[in-house]
Amino acid sequence: MPLKIAFGTDHSAAEIRNSVKFYLKNSGYQVEDFGFSGKESCDYPDYAKKVAEAVAGKKSDKGILICGTGIGMSIAANKINGIIAAVCWDESSAKLAAKHNCANVLCLGARTASADEICHRIKIFLETPFEIRHLKRIEKIKRLEQ
Ligand code: RB5
């Protein structure tokens, strides 16, 4: 079964969203696109909510969100119970978000990275397993949601 990826962007990602989606599908992932596919200004929390709810509700395995910086998307997605959303600005942060933080949503900045850099971070994030020795800390984060 291919991993299901919930995908969402705001207008900042208009130029790159199709190549990122193509990359994901070409890499064997099943992509559910929650928008936004237009160029006009939109509000990133609307798309963060859709992707975060798909992941928290286990309809998708992981989420990818792209806005201008990734910051707004991560702030919004982290409001949904069950979500650990991380903004990743390079290969190393993408790896550690998966390995140490058990992040289930990756947030990226279309205004701070090229499409190739974004696809590379996605690859690293999706291919890096969580290291179980960090579980105690993740459980402490989960308790903060209650
Ligand atoms: C939209 O202009 C911009 O604020 C948004 O894409 C994002 O960068 C917010 O964090």
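The values are calculated or read from the model by the stated rules, or taken from the named source; none is laboratory data. Not measured: the values here are computed from a predicted model. Positions of Cβ are backbone-derived with ideal geometry, glycine not excepted, and every protein chain shown enters the neighbour counts. Heavy atoms of the whole protein, side chains included, go into the accessibility calculation; ligands, DNA and RNA do not. Shrake-Rupley method; radii C 1.70, N 1.55, O 1.52, S 1.80 Å.
Summary of values
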item	result
Restraint check, LYS39/LYS95; LYS59/LYS123; LYS39/LYS142; LYS21/LYS142, Cα-Cα greater than 27 Å	LYS39/LYS95; LYS39/LYS142; LYS21/LYS142
Using alpha carbons only: equivalent-ellipsoid semi-axes of the chain, gyration tensor based, whole Å	22, 17, 14
For q = 0.14, 0.19, 0.24, 0.30 Å⁻¹, Debye-computed log10 I/I(0) when each Cα of segment 1-56 counts as one equal scatterer	-0.36, -0.65, -0.95, -1.19
Lys/Arg +1, Asp/Glu -1 at C-beta; the chain dipole; positive extreme among LEU135, ASN78, PHE22	LEU135
Within the accessible area of segment 1-71 (1.4 Å probe), percent carbon and sulfur	49 percent
Accessible area in square angstrom per residue, segment 50-128, 1.4 angstrom probe	42 Å²
Convex hull per residue volume in Å³, alpha carbons only, for segment 27-78	87 Å³
Accessible-area composition of segment 91-146, carbon plus sulfur, in percent [1.4 Å probe]	53 percent
